[in-house]
1. Given an 8 Å cut-off on Cα distances and at least 6 residues of separation, report the relative contact order of chain B as a percent.
2. Which ordering of B:His251, A:His171 is given by a fewest-first count of other beta-carbon atoms within 10 Å?
3. Would you mind getting the Kirkwood hydrodynamic radius of the stretch B:162-294 from its Cα pairs, rounded to one decimal in Å?
4. Once you charge only the Cβ atoms, +1 for Lys and Arg and -1 for Asp and Glu, what is the size of the charge dipole of the stretch B:149-220 about its Cα centre, to the nearest 20 debye?
5. At 7 Å along Cα-to-Cβ for each site, give me the label-to-label distance between A:Leu284 and B:Arg331 in nm.
6. Rounded to the nearest 5, what is the percent of antiparallel bridges among the DSSP beta bridges in the protein assembly as shown?
7. Rounded to two decimals, what is Rg over Rh for the stretch B:12-404 when you use alpha-carbon atoms and the Kirkwood radius?
8. Once Lys and Arg get +1 and Asp and Glu get -1 on their Cβ, which of B:Gly139, A:Thr282, B:Thr338 lies farthest toward the positive end of the dipole of the protein assembly as shown?
Amino acid sequence: MGTGRTAQPAATATLLVAEKDRVADDVVALTLVEPGGGRLRDWAPGAHIDVVLPTGEMRQYSLCGDRFDPFAYRIAVRREEGGRGGSAWLHDSVRTGRLLPTGGPRNTFPLVPSEEYVFIAGGIGITPLLPMLAQAEVLGARWTLHYCGRSRASMPFLDELGRHGDRVRLHPRDEGPRLDVAALVAAAPAEARIYCCGPVAMVEAVERAGAPRPAGSVRAERFSAAQQPAPVRDAPFEVVLARSGTSLTVDPSATVLQALEGAGVRVLTSCGQGLCGTCETTVLEGRPDHRDSVLDAADRAAGDCMLVCVSRACSDRLVLDL
Amino acid sequence: MTTTSLPAHVPVSDADPFAPDVLEDPAPLHEELREAGPVVFLSRYGAYALARYAHVHAALVDWQSFPSGAGVGLSNFRHETPWRKPSLLLETDPPRHDAPRVVLERVLSPRALRRLREQWAADAHLLVDELLRRVAGTGEFDAVPSLAQAFPLRVFPDAVGLPQEGRENLLPYGDHLFNAFGPPNELVARGNPHIGRLAAWVDAQCAREVLAPGGFGAQIWAASDRGDITPQQAPLVVRSLLSAGVDTTVHGLAAILHAFAANPEQWRRVRAEPRLLRVAFDEAVRWESPVQTFFRTAQGDVPLPGTVVPDGEKILMFLGAANRDPRRWERPDEFDLTRDPSGHVGFGMGIHQCVGQHVARLEAESVLTALLERVETIELAGAPVRHHNNTLRAWESIPVRVRVS
């Protein structure tokens, strides 16, 4: 994939766009498959993948297909007017048959067990919730979905949602009053888990209303939240191995693991995708650019370890305990 | 034994993988099954066997076609009542598997274990120093009780937060549990009279109030306070630690101690290059495969090379045979530290891959690092004796002789 200056180290799978469908005004759904027809990595509701843009930047899209199908991912993309160009590129330039570098999936919005769920979606925020509804069905849990949008025509997947009857409540803005999410959250049964994905204002209203509830009752994802940036550096960096004193240079086109292997340093790996944690390596100096699915925010902030199969460096130099 | 007629186009074997002679030395059966074909029908149990690496690996990762919810032993939970409440990890499929797995993965992650590293290293040094003092005259000891059992029993129950009393129940409980994945043979019969008492003790240790603050057990309960799992799930997740976290690491440690005692030149190599240690443990797990087999159950009619496994039939995956498949490994029967064992299926693969693998690696690293500092050579001082278990490849005794440096 020698595409010039852009490093694509975090792209852990190149997927093929098998289908592209318009599913609402300004929303397309892409079906992605492994080019060889093989299994894709497992995921659970709430998971997202990174799509690497030609600029090397990444955008996160929730998986909104069927996790029981190991051969296809589905994502849905709303064209963001005034956005930074990622959604426009996917809408206008990406056609079926195109290969897309991707990363993940990773899951920061998992569905926790409960006998009752209240789902609240705003616009394209329906995407992570769709597989959650399917899962709630499988589990036999009680659930309702409140789905807000500008108009029916702008709200994707209404056809799929139709089969759920009155458990799905639609709130198109052009047909009635704005949903009072605070009242909705206040009225939810004490044991219910409340999941919300939508614009920042909606998420904040839900979180405010949910504040008195027990810890973990309200779980939200902002679809406009900070995007994972492109790799921090597109220049080579130095990796120093503390135990042997060896120094290596990691080029933009190589992973740290590849550079280590190239230098004859053996690191045990398993998944090679930043998922399992087997290659976790202690960082003694320098700041890692974490690109894995394993470390949480606190681990990342501590900066004392990294998964060398996918993660890179922010600093010019990393010293590893190898 | 759900199948009465033999399936077409599949080699049939009437071998008993759980017979004493096979448990003593499974290699001949493994080779026979691998060479007979990608899928072999085990007529004695009405189950389909996979023994080649590629097919075992494929079945392990395909949780959709080969789910675990009907049990990972011979017993089929579609028709039979499990002897204990099914595990939320081992014997559960997505979506119910998701949350308990996420919680336990976090509790046992390498970074979570980092806070134990120093303590376990110190414990290992104490254990090794005491042992070497005790055997100072001859340098001879039995590595199974002295190290392979002693170390996990010294550190793991503390890490979980178990009380002191009753810890002797852990090994026999695990031994029976892993026997019970096989057929109801003599090994199971021997454990049956005691299992009620052992299981009651294990279940009682899973309660919140029994578990010491800060330990793995308390962290699992804390996850239930956060709503990540339910309070009903928490004790069963703790039970998984006590079920799968003790015997397996004992036999993993025994495997690597035996591997070095039987291959003294590899000990010289790792002494010269101590950072081979981490790879050494995984190579030992590949070579020995302490967990030899697990079953799955066909979900729908599942096509496999040359046949279709009918819905609801059991599939037996031979992890030990896959880890020595010459199609995947060069010189598979050699314990060789120059090999890259990555990708072995000794910890399984896919969504059920051993969640405690980092614990096992840290235990091994702790013990072996302490040994490396003190022990110049290690060799067998007598014939090692196998411990038979329907699922585990285990040692009863490994007499060794060491020369202290």
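Just so you know, all these numbers are worked out from the coordinates, no wet-lab data involved. Predicted model, so just to flag it, every value in this text is computed and none were measured. Cβ atoms come from the backbone with ideal geometry, glycine included; neighbour counts cover every protein chain shown.
1. That works out to 26 percent.
2. Ordered by Cβ neighbours within 10 Å, fewest first: A:His171, B:His251.
3. 17.1
4. The calculation lands at about 40 debye.
5. The answer from the label model is 3.3 nm.
6. 65
7. On the Cα set of the stretch B:12-404, Rg over Rh gives 0.95.
8. A:Thr282
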